[in-house]
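Computed from the coordinates by the stated procedures, all read-outs in this text should not be read as laboratory data. Computed from a predicted model, the values in this text were never measured in an experiment. All Cβ positions, glycine included, derive from the backbone under ideal geometry; neighbour counts span all protein chains shown.
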Amino acid sequence: MSNPFPIKPVDRPINAVVTVPGSKSITNRALLMAALASGVSQIEGALFSDDTRYMAAALKSLGIKVEEDEPAARYVVEGAGGRIAHTEADLFIGNAGTAARFLTAFITLGNGLYRLDGIPRMRQRPIGDLLDALRELGCDIRSEHEPGCLPIMVHANGLRGGKTTVASEASSQYLTALLLVAPYAMDTVTIEVAGTLSSEPYIDMTLRMMRQWGVDVDRRDSRRYTIAGSQAYGCRNYRVEPDASGASYLFAAAAVTAGRVRVEGNGRDSLQGDVAFVDVLEKMGCSVDKGVDYIDVVGPARLHGVEVDMNPISDTVMTLAAIAPFADSPTDIHNVAHIRYKESDRIHAVATELRRIGVDVDDRPDGLRIYPCDDIKSAAIETYDDHRMAMSFAVTGLRAPGIAIREPECINKTFPDFFERLDRLR
């Protein structure tokens with residue numbers, strides 16, 4: 001791809017039936033549960049991207065047998081029954097937040113010395129609340145440099161169990177990490193959530209997947225979880241759903257072109273909370289049809305502005321922000337302060353790039369107010385090494401001439417062939 005990569009506007013409404021790659025969130029959860037199970041599991045329809053490759057490579061570095069068949073979108077994992085064969089490992093996870101959080105909890109089950117690190121941006125992303133929660137369960141963990149940040153060293157001797165408290169306002173992945181490994185603790189684990197729980201649908205996903213793999217969690221409410229000891233994941237053949245966050249860009253393409261996009265493989269019973277992005281589009285004037293295994297979106301002649309709490313579906317904030325200038329009234333996004341600690345400071349990044357193309361924006365600590373703009377300026381969009389910046393503003397470019405995407409290869413994190421699939425919408 002050229003850098004910057006130009007986006008060619010469409011000259012008529014889109015009308016397409018499409019598929020998207022497997023979900024990153026589901027793929028990485030499935031890889032970890034397959035590694036913890038005893039026996040061989042096949043993960044079909046899996047995502048092969050930077051984030052999942054880091055996860056698979058780390059598991060292999062710990063002694064888990066992982067076979068990769070990228071053309072078939074399949075991982076074959078020989079689980080070790082909650083054991084970690086290697087007593088020493090130095091793991092590198094790039095800027096993969098899910099891998100960082102899940103593996104931090106996983107390596108506490110081992111017996112030895114493990115180090116985990118990432119790129120400079122990953123070292124800035126907080127992980128201290130997870131470390132504190134694991135210490136309450138008897139783990140010996142320390143940060144090498146800045147407290148509560150990577151790189152970390154874990155002197156592991158198994159996970160003791162007991163009661164712990166986790167603050168998950170910055171990321172729901174802290175709670176997910178604890179839930180995923182808790183069945184292999186020496187004793188029953190009780191987890192209490194302190195403060196606000198962000199992106200709660202991802203916890204629902206985790207609990208549903210744990211049940212699918214054979215582990216029950218006693219969930220009193222969203223603030224207390226008990227996982228009885230002596231449970232174990234069962235090896236199985238598992239199919240990964242298409243990525244709902246990735247599908248949001250294609251649905252947004254229908255919305256801004258007054259076109260139609262049908263994504264197959266995701267439906268009304270999806271594990272993924274981000275399918276609710278189409279509910280926001282419906283409020284903006286789109287027609288939405290949710291079937292058992294498809295979702296169909298038809299865009300209106302003109303979008304309407306909306307006010308929306310996007311905490312439950314915060315990975316789609318940027319998708320909404322990228323199409324908001326084409327609405328007939330302002331769009332207000334709130335309760336997403338935690339996205340400042342993602343791959344980029346997403347509130348700052350979105351506001352900066354919208355202003356670059358001539359859009360008026362009010363940015364607040366927890367969100368954005370985006371005003372309609374009838375004269376989008378040509379510009380090369382900075383992506384801040386954030387895949388969602390690249391994909392979101394590419395959708396803007398379908399409607400507004402002169403948009404180009406800098407460092408477009410950052411999409412490899414979750415959606416490596418995004419630009420090819422976007423082009424096929426034509």
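If we count other beta carbons within 10 Å of each Cβ, what is the order of Tyr371, Tyr249, Tyr184, fewest first?
Details: Tyr371 16, Tyr249 27, Tyr184 24.
If I rank by nearby Cβ atoms, fewest first, I get Tyr371, Tyr184, Tyr249.
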Subtracting the Cα-Cα distance from 0.36 nm times the residue separation, let me have the gained length for Arg160 to Tyr371 in nm, one decimal.
70.7 nm
Taking H as built 1.01 Å from N, whose amide H comes closer than 5 Å to the amide H of Ile376, not counting residues under 5 places away?
none
So, R0 is 30 Å and r is the distance between the beta-carbons of Asp269 and Asn412; what FRET efficiency does that work out to, to 0.05?
0.50
Most positive-pole-ward Cα, Thr206, Ser171, Gly94, against dipole of region 24-239 from beta carbon charges
Thr206
How far, in degrees from 0 to 90, does helix 244-257 lean away from the longest principal axis of the Cα atoms of the chain, to the nearest 10?
0 degrees
Nearest 5 is fine: what % of DSSP beta bridges in the chain come out antiparallel, could you say?
65 percent
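Which whole number in µm²/s is D for region 24-239 by Stokes-Einstein, with the Kirkwood Rh taken over Cα pairs at 10 °C and 1.306 mPa s? Display every interim value, and only then the final one.
Values: Rh = 16.8 Å.
Diffusion coefficient, whole number: 95 µm²/s.
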Helix 346-356 against the longest principal axis of the chain: what's the angle in degrees, Cα atoms only, rounded to the nearest 10?
20 degrees
Entry for semi-axes √(5λ) of the Cα gyration tensor in Å (calculated from the structure that is shown) out of (i) 38, 29, 16; (ii) 37, 22, 20; (iii) 52, 37, 17:
(ii)
Where in region 109-127 does the amide nitrogen come within less than 18 Å of the point 7 Å from the Cα of Glu144, taken along Cα to Cβ?
112-127
Neighbourhood net charge (11 Å Cβ-Cβ; Lys/Arg +1, Asp/Glu -1) for Asp423:
+2
CD proxy at 222 nm, helix term only [per DSSP H run n ≥ 4: -39500 (n - 2.57); per residue of the chain; nearest 500]
-9000 deg cm²/dmol
Region 205-256 and region 38-96 have their Cα centres apart by a whole-number Å value of 18 Å
What ranking do His334, His387, His304 get, fewest neighbouring Cβ atoms within 10 angstrom at the top?
His304, His334, His387
Can you flag which of Lys290/Lys377; Lys24/Lys290; Lys65/Lys163; Lys8/Lys60 are past 30 Å Cα-Cα?
Lys290/Lys377; Lys65/Lys163; Lys8/Lys60
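Tell me the relative contact order for region 115-252 as a rounded percent, counting alpha carbon contacts under 8 Å between residues six or more apart. Could the numbers behind the result be given before it?
Numbers: 230 pairs, mean separation 25.9, N = 138.
Computed value for region 115-252: 19 percent relative contact order.
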